[in-house]
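Worksheet for the structure shown next.
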Amino acid sequence: MESPNPSPSLDILVRGPEGFSVWNGPPFAGGQPTVKLENVVCTNATFSTDGSRLMVMKSDFVISIYDCSNYQEIKSFEVPNVAAAALSPCGTFLQTFQKSSTPQEKNVVLWKIETGDAVYQQFQKNLTKTTWPSIRFSSDETVACRLATNEVQFFDTRDFSKGVVHRLRVPGVAAVELSNTSGSHVAVFVPESKGSPATVQIFSHDKDLQGQPVARRSFFRCSTVQLSWNNGSTGLLVLVQSDVDKTNQSYYGESKLNYLTTDGTHEGLVPLRKEGPVHDVQWSYSGLQFAVVYGFMPASATVFDKKCKPLLELGIGPYNTIRWNPKGKFLCLAGFGNLPGDMAFWDYEDKKQLGTTKAEWSVTSEWSPDGQYFMTATTAPRLQVDNGIKFFHYNGSSFFKKMFDKLYQAEWKPESPDKFGQIAELVNSVASLKIQETKAQGQSSASRKTVSANPPAQKPAAYRPPHAKNAAAVQAELFGGSATEGMSKTALKNKKKREKQKEKKAAEIGNGT
């Protein structure tokens with residue numbers, strides 16, 4: 001009996017110089033991905049956080065919105081001189097930034113996608129990471145706010161025509177981050193000023209409870225911060241970074257990881273056991289644990305619970321990246337960027353390492369929404385050569401590889417992990433797939449094409465110059481051994497043909513004498 005709510009398919013967006021296309025994700029029928037949406041010319045393409053909509057920036061300042069259930073274009077916006085655009089988490093609103101020179105021209109516009117109407121407009125002078133998108137939404141779009149001078153302004157997402165409905169006064173505020181679940185809390189960052197330390201404060205979104213922060217943390221030597229909420233909006237990780245390390249231990253500056261909870265039970269540093277920078281940190285999907293990669297190389301990696309207590313040590317190695325499987329069972333610890341690409345796959349629930357491998361030159365990496373596959377991509381303009389996509393199983397074994405002359409983007413279409421089965425079921429399905437692979441090895445080539453699972457991509461053969469084609473045969477004649485090991489099929493066929501002709505000639509001479 002079929003499940004009434006089957007798991008959604010895994011889709012992959014792939015973009016190159018000619019535009020983007022959408023592939024059917026693994027497992028691949030016939031060993032190769034199939035194209036779900038043929039190539040569309042564009043300069044950029046981005047999914048909404050929930051994966052329901054796709055925003056495509058085309059030439060001539062045209063922005064198209066696609067419905068991801070069928071990849072049909074549902075709305076198109078023509079925005080002259082557009083410099084940036086962003087979708088709201090559920091794909092309800094489109095936000096655009098146009099180049100403007102005067103405050104009289106309101107260059108930030110919020111569009112309602114369903115109707116195509118502009119529901120809110122404002123002026124914004126500069127475009128930076130901390131100020132874009134200008135209007136921030138909670139994950140369910142029930143709360144929206146924007147950063148203004150010395151305050152955070154809130155809107156009614158059901159009716160933006162009301163304008164600002166209430167304000168949170170925070171002198172010197174430079175960054176803001178809404179919590180994920182229903183926007184219950186808002187975190188604000190105030191940088192150092194005139195000898196006063198920098199601060200991160202958490203306020204309740206409720207207008208009547210915004211008088212005092214529910215949590216607060218102060219620190220010196222702070223140039224920038226990264227604010228990361230967990231699912232459930234109970235904990236906030238604050239990665240504090242300074243441009244200069246006054247201890248002279250690191251050329252790249254100094255970093256500290258702070259942890260604050262909305263119930264006020266924890267406001268302090270995460271107890272890291274090794275000196276050095278914090279390379280990466282990520283919450284689990286459940287929001288009950290987080291993993292940190294930290295310390296001078298070789299770096300350490302540790303999993304903490306929501307009370308900031310260590311749960312699991314993942315060892316040390318050339319790592320600077322942590323990726324938590326959406327189902328919470330598996331972790332990938334990796335060293336990308338200026339590191340050689342080592343990857344270690346862990347089973348968090350069973351507290352054991354599953355396997356290790358490498359993915360050199362990787363620029364981006366992420367788990368599939370069902371938690372079964374891990375994809376890495378080498379993309380331009382970061383790297384101009386060896387562009388391609390690699391897929392791995394949850395245990396690190398190679399699954400599929402495809403190279404490109406030029407690749408700009410490769411990412412999974414977002415889906416809620418709750419829509420997929422339990423990870424144990426996925427593991428069993430992978431195990432049965434491997435059994436089929438083993439059985440298929442002893443079958444004929446015709447049956448192997450229909451039964452075997454997707455084979456891992458073969459490594460490209462090393463280049464051999466023309467004069468070296470017969471090197472194996474020469475070596476065999478000089479030093480003994482088999483010459484057939486390094487010979488091609490054609491060379492081997494010709495060799496056997498020559499041997500048969502010699503035998504025939506010898507037989508004819510023997511008969512004649």
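The values are calculated or read from the model by the stated rules, or taken from the named source; none is laboratory data. In this text, all values refer to a predicted model and were calculated from it rather than measured experimentally. All Cβ positions, even for glycine, are placed from backbone atoms using ideal geometry, and neighbour counts span all protein chains on display. For the accessible areas, the whole protein counts, side chains as well, though only heavy atoms, and no ligand, DNA or RNA atoms are used. Shrake-Rupley method; radii C 1.70, N 1.55, O 1.52, S 1.80 Å.
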For region 124-226, which trypsin sites (Lys or Arg not before Pro) are both in a DSSP coil and crowded by at most 11 other Cβ atoms within 10 Å? Lys125, Lys129, Arg158, Lys194
Carbon + sulfur, % of accessible area of region 99-228 - ligands and nucleic acids excluded, 1.4 Å: 47 percent
In region 53-199, with Lys and Arg counted as +1 and Asp and Glu as -1 at Cβ, which of these residues, Ser138, Ser88, Phe189, has the Cα nearest the positive end of the dipole, that is, farthest along it? Phe189
Please list, by residue number, every one of the GluC sites (Glu not before Pro) in region 51-119 that is coil in DSSP and has at most 12 other beta-carbon atoms within 10 Å. Glu105, Glu114
Leaving out ligands and nucleic acids, note down the accessible area per residue over region 31-187 with a 1.4 angstrom probe, in whole Å². 47 Å²
Relative contact order %, region 301-401, counting alpha carbon pairs below 8 Å whose residues are six or more apart: 18 percent
Using DSSP to call loops (not H, G, I, E or B), can you name the trypsin sites (Lys or Arg not before Pro) in region 275-334 whose Cβ has at most 15 other Cβ atoms within 10 angstrom? Lys307
Work out the length of the dipole vector of region 255-322 about its Cα centre, built from +1 on the beta-carbon of each Lys and Arg and -1 on the beta-carbon of each Asp and Glu, and round it to the nearest 20 debye. 80 debye
Please arrange His266, His393 by accessible surface area, largest first, computed with a 1.4 Å probe and ligands excluded. His266, His393
Give me the percent of accessible area attributable to carbon and sulfur for region 327-413, probe 1.4 angstrom. 48 percent
Taking a quarter of the surface of the convex hull around the Cα atoms of region 254-308, what do you get in nm²? 3.8 nm²
Please state, rounded to one decimal and in Å, the Kirkwood hydrodynamic radius that region 1-120 gives when every pair of distinct Cα atoms enters the mean of 1/r. 15.8 Å
Can you return the aspartates and glutamates within cross-link range of Lys329? Criterion is Cα-Cα under 18 Å, with same-chain partners fewer than 8 residues away left out. Asp305, Glu313, Asp347, Glu349, Asp350, Glu366, Asp370, Glu415, Asp418, Glu425
From the Cα centre of region 345-389 to that of region 1-66, the distance in Å is 20 Å
